[in-house]
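The values are calculated or read from the model by the stated rules, or taken from the named source; none is laboratory data. All values derive from a computational prediction rather than experimental measurement. A quick note on method: Cβ atoms are made from the backbone with ideal geometry, for glycine too, and the neighbour counts reach across all protein chains shown. With ligands, DNA and RNA removed, areas are computed over all heavy atoms of the protein, side chains included. Shrake-Rupley method; radii C 1.70, N 1.55, O 1.52, S 1.80 Å.
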Amino acid sequence: MFFKRTLLPLLPIVAIILSCAPAVQKKEAVEQPPEKPLTVEEQREQATQAFTEVLDLVEKVEKRSDAVPEMEKRYLEIIRKYPDAPLAQEIHWRLVELYLRDFDPPRVDDALAVFDSFKKRYPDSPLKTAIEDTLTRFYAGKGMWERLIELHSYRIEKFIETGKIDSPFFLFMYAEALRNTGDTEEALKGYRWVIKTFPDSSMADMANRRIKLIEENKER
């Protein structure tokens with residue numbers, strides 16, 4: 001009885017308060033039209049402009065290292081926003097070089113992640129060889145011979161099957177990696193293949209010197 005008696009006098013007051021409260025209007029969600037994708041030509045133009053800004057940025061700093069974090073950020077933006085622009089392929093290469101040469105310690109795994117993404121997006125790009133060249137020289141300079149072997153294993157397998165290979169440098173460096181990991185006999189085979197396949201190349205001269213050195217060491 002107490003609750004009933006207490007509530008009855010309050011009912012008219014509550015009704016007055018509710019009648020005076022402003023009506024809550026439903027806000028209808030405004031649908032945004034889907035963003036129109038950029039054409040290849042628009043991507044080309046905007047990627048070129050973005051890359052020009054990166055070059056300007058590097059020129060303005062006293063030391064290149066001061067610009068490296070911003071360079072990384074902008075390279076990633078170009079890759080994400082303008083994947084169909086021809087320049088995007090080069091930016092992948094530049095980003096790989098940035099990770100390997102401008103960071104201490106080098107960000108090798110990040111460089112490889114960029115390269116993997118590049119291969120999936122542009123499987124027929126001629127710049128694939130350029131990125132492999134960068135990785136090869138880096139691995140050799142750091143003595144990362146196992147990684148160098150892994151990088152070129154597919155190329156050597158194809159060479160064994162077809163007798164064809166695109167570069168005496170890669171074949172020579174594969175032999176170098178074998179020699180530096182202790183597989184001297186396989187390295188000798190590699191050097192001889194360099195000489196046979198590219199007899200007039202500078203790599204053939206180097207291969208001859210390596211063979212001579214190995215044979216001299218055997219005789220001692």
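Okay, here's what the table says:
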| quantity | calculated |
| --- | --- |
| Pairs with Cβ under 6 Å, 6+ apart, first in the range 138-158 and under 21 Å from R192 (Cα atoms), second open to solvent by 30 Å² or more (accessible area, probe 1.4 Å) and not in a helix (DSSP H, G or I) | W145/T181 |
| Any hit, the range 197-205, residues being part of a helix (DSSP H, G or I) and touching a helix residue (DSSP H, G or I) at 6+ places or on another chain (Cβ under 6 Å) | yes |
| Residue pairs meeting the criteria (Cβ under 6 Å; at least 6 apart or on separate chains; first free of Cβ contacts under 8 Å to residues at least 40 places away in the same chain, in the range 186-208; second among the hydroxyl-bearing types (S, T, Y) and buried (at least 19 other Cβ atoms within 10 Å of the Cβ)) | G190/Y174; A207/Y191 |
| Conditions (1) charged (D, E, K, R); (2) part of a helix (DSSP H, G or I); (3) open to solvent by 70 Å² or more (accessible area, probe 1.4 Å): number failed by D166 | (2) |
| Positions within the range 90-112 being open to solvent by 50 Å² or more (accessible area, probe 1.4 Å), within 13 Å of the chain's Cα centre (by Cα) and closer than 18 Å to L148 by Cα, in sequence order | W93, R107, D109, D110 |
| Cβ-Cβ under 7 Å pairs, at least 6 apart or on other chains, the range 98-127 side more than 20 Å from G141 (Cα to Cα), far side open to solvent by 20 Å² or more (accessible area, probe 1.4 Å) | K119/K128; R121/P83; Y122/Q89; S125/Q89; L127/Q89; L127/E90; L127/W93 |
| Hits in the range 176-196 - residues which are assigned to a helix (DSSP H, G or I) and open to solvent by 50 Å² or more (accessible area, probe 1.4 Å) | R179, N180, E185, E186, K189, R192, W193, K196 |
| Filter result for the condition that a residue is in contact with a Ser or Thr (Cβ under 7 Å, 6 or more places away or on another chain), open to solvent by less than 20 Å² (accessible area, probe 1.4 Å), closer than 27 Å to D104 by Cβ and in a helix (DSSP H, G or I), over L135, L148 | L148 |
| Single residue of M173, M206 found to be crowded, with 17+ Cβ neighbours inside 10 Å, under 23 Å from L127 (Cα atoms) and among the aliphatic types (A, V, I, L, M) | M173 |
